[in-house]
Amino acid sequence: MTYKFFPHTEEDVAQMLEKIGVKSLDDLYQEIPEEVRFKGEYKLPEAKSELEIRQFFNELGAKNKQLTCFAGAGVYDKYFPSAVPYLVERSEFLTSYTPYQAEISQGTLHYIFEFQSMMAELTGMEVSNASMYDGATATAEAVLMAKANNKKANRVLISETVDPKILAVVKTYAHYQNIEIDLIPQKEGVTDQQQLQQKLSEGGVAGVVVQYPNYYGIVEDYTGVADLCHEQKALFIMNSNPADLALLKTPAELGADIAVGEGQSLGIPMNWGGPYVGYMCCTTKMMRKMPGRIVGKTVDEDGQRVFVLTLQAREQHIRREKATSNICSNQSLMALWVTIYLSLMGKEGLKEVAQLSYDGAHYLCEELVKTGHFSLAFDQPFFNEFCVRYDGDIKQLQQRLIDNGIFGGIQVGDDLLMLAVTEKRTKDEIDKLIELVS
């Protein structure tokens, strides 16, 4: 064989090339310019002992610069109890991978059931599924649900105050489902309600998507939006930060049909960008349109409590072309992390964390404005994230902060800086940032 770790023989390769009408592997890659092809030998090190490997990666990891994080935009530096990673690794959870064989997967089924219960309670919704890949794809799946619910409508309205990363994923899903995405303009950092009403009145709308708090950290008032949607037979879809729901009105209280979002704020480390976990909750009426699966609780023939896959649309496996979306896997390990985090924190713990984040953000904002170099970009209520205008060079400002060990927010405009504060940020850390920008 040409490559000892590849299972295919030279005969296998020749048959595959013949099948696709290519004479050689070089011909297969002929569209790749010669100047970008690598022709040298790979610089692979010699074999190392376990001790040497550990030392190598410790030295590599030491090159990472750990910064005090004041950035957000969907990913937040959150505290989690030290017990979480140890409980996640327990064998009844970690090794019982598939939920399909109930007799050997009670650990997996149990924590998925608890995850569903907690997310339903946190959002106020009636039903939750067994987690989603992430918040962006969960939002895209909600858009597909809206289309499946109203086959006569192929237009979905999305507020411009939704995170651009989420919007990009939704547009990708919608493109291949012939769903038209129509943006609702923003006005002073919030959804333009007049434009929303006008677009709804035009008809043909399957759903409306908003974010809560929105991309700029603003807590928009969506009172009455659900009624406007329902009058036009459109679903109201809310993408919410679940950690903030400990203090804010729930999607259910605001009349949402589907609540989705990113669960990273529920104690999942930033992990250099992932993996995270999406959630999806909905009303009972929408339950059978929901992708994925639902775990339920029952009793066995001996009367003992057991957990089973209660609801899965048969289209998920048998008539997949008829399914809303063919989801046969979920971020189960991260759902377990969230479940343990929520169990350990409890209701009062979640409220305390949310309050600390809120208080810290407002303190930072007030102190920044006092310096005279910053002004609040939008005169709107915010939670733990906000945008300020800076009278200097933002890139130079951020570099100065990085040089002093601080990741100073995210630039979202020429003079617009977005900062986030979580419960991990101390007053001393906030004061250090203030001192550096004054």
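The values are calculated or read from the model by the stated rules, or taken from the named source; none is laboratory data. Note that the coordinates shown come from a computational prediction; the quantities given were computed from them, not determined experimentally. Backbone-built Cβ (ideal geometry, glycine too); neighbour counts: all protein chains shown. These area figures cover heavy atoms from the full protein model, side chains too; ligands, DNA and RNA do not enter into them. Shrake-Rupley method; radii C 1.70, N 1.55, O 1.52, S 1.80 Å.
The table below lists the values:
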| read-out | value |
| --- | --- |
| Verdict on L44 being outside the structural domain of Y363 (by the TED database) and either in a helix (DSSP H, G or I) or acidic (D, E) (or both) | no |
| In region 241-269, the residues that are more than 15 Å from M125 (Cβ to Cβ), in a loop (DSSP other than H, G, I, E, B) and acidic (D, E) | none |
| Selection count where residues are within 23 Å of P242 (Cβ to Cβ), touching a residue at least 40 places away in the same chain (Cβ under 8 Å) and surrounded by 21 or more Cβ atoms within 10 Å (Cβ to Cβ), scope region 141-180 | 12 |
| Residue satisfying all of: in region 1-52; over 40 Å from the mean Cα position of the chain (by Cα) and at pLDDT below 85; surrounded by the most Cβ atoms within 10 Å (Cβ to Cβ) among these | M1 |
| Number of the exception - E352 against (1) modelled with pLDDT of 95 or more; (2) more than 30 Å from E89 (Cβ to Cβ); (3) surrounded by fewer than 18 Cβ atoms within 10 Å (Cβ to Cβ) | (2) |
| Of all residues making up region 240-256, the number that are under 27 Å from G204 (Cβ atoms) and open to solvent by less than 10 Å² (accessible area, probe 1.4 Å) | 3 |
| Some residue of region 224-237 being modelled with pLDDT of 95 or more, under 24 Å from V75 (Cβ atoms) and touching a Gly at 6+ places or on another chain (Cβ under 7 Å) | yes |
| Which listed residue is open to solvent by 20 Å² or more (accessible area, probe 1.4 Å) and within 27 Å of the chain's Cα centre (by Cα), from T422, T426 | T426 |
| Which listed residue, of P275, P269, is farther than 16 Å from E114 by Cα and open to solvent by 50 Å² or more (accessible area, probe 1.4 Å) | P275 |
| Index of the failed condition, R90 passing every other in (1) under 30 Å from K351 (Cα atoms); (2) out of contact with any Cys (no Cβ under 6 Å at 6 or more places or on another chain); (3) modelled with pLDDT of 90 or more | (3) |
| Residue within region 64-77 that is outside any loop (DSSP other than H, G, I, E, B), out of contact with any strand residue (DSSP E or B) (no Cβ under 9 Å at 6 or more places or on another chain) and surrounded by 19 or more Cβ atoms within 10 Å (Cβ to Cβ) present | no |
| Test: residue in region 127-140 that is without any contact (Cβ under 8 Å) to a residue 24 or more places away in the chain and open to solvent by less than 50 Å² (accessible area, probe 1.4 Å) | no |
| Selection from region 213-238 of residues that are open to solvent by less than 10 Å² (accessible area, probe 1.4 Å) and either within 19 Å of the chain's Cα centre (by Cα) or among the aromatic types (F, W, Y) (or both) | N214, G217, I218, Y222, F236, I237, M238 |
| Pick from region 385-417, criterion under 15 Å from V369 (Cβ atoms) and among the hydrophobic types (A, V, I, L, M, F, W, C), ranking: surrounded by the most Cβ atoms within 10 Å (Cβ to Cβ) | F386 |
| Condition check for M286: assigned to a strand (DSSP E or B), surrounded by 14 or more Cβ atoms within 10 Å (Cβ to Cβ) and either in contact (Cβ under 8 Å) with a residue 40 or more places away in the chain or within 19 Å of the chain's Cα centre (by Cα) (or both) | no |
| Strands (runs of 3 or more DSSP E) enclosed by region 330-424 - at least 2 residues per element that are more than 20 Å from L436 (Cα to Cα) and in contact with a helix residue (DSSP H, G or I) (Cβ under 9 Å, 6 or more places away or on another chain) | none |
| Residues of region 198-225 classified as more than 18 Å from V170 (Cβ to Cβ) and in a strand (DSSP E or B), total | 1 |
| Lone qualifier among G203, G189 - being on the phi > 0 side of the Ramachandran plot and buried (at least 16 other Cβ atoms within 10 Å of the Cβ) | G189 |
| Index of the failed condition, Y79 passing every other in (1) within 30 Å of Y341 (Cα to Cα); (2) without any contact (Cβ under 8 Å) to a residue 40 or more places away in the chain; (3) in contact with a helix residue (DSSP H, G or I) (Cβ under 8 Å, 6 or more places away or on another chain) | (2) |
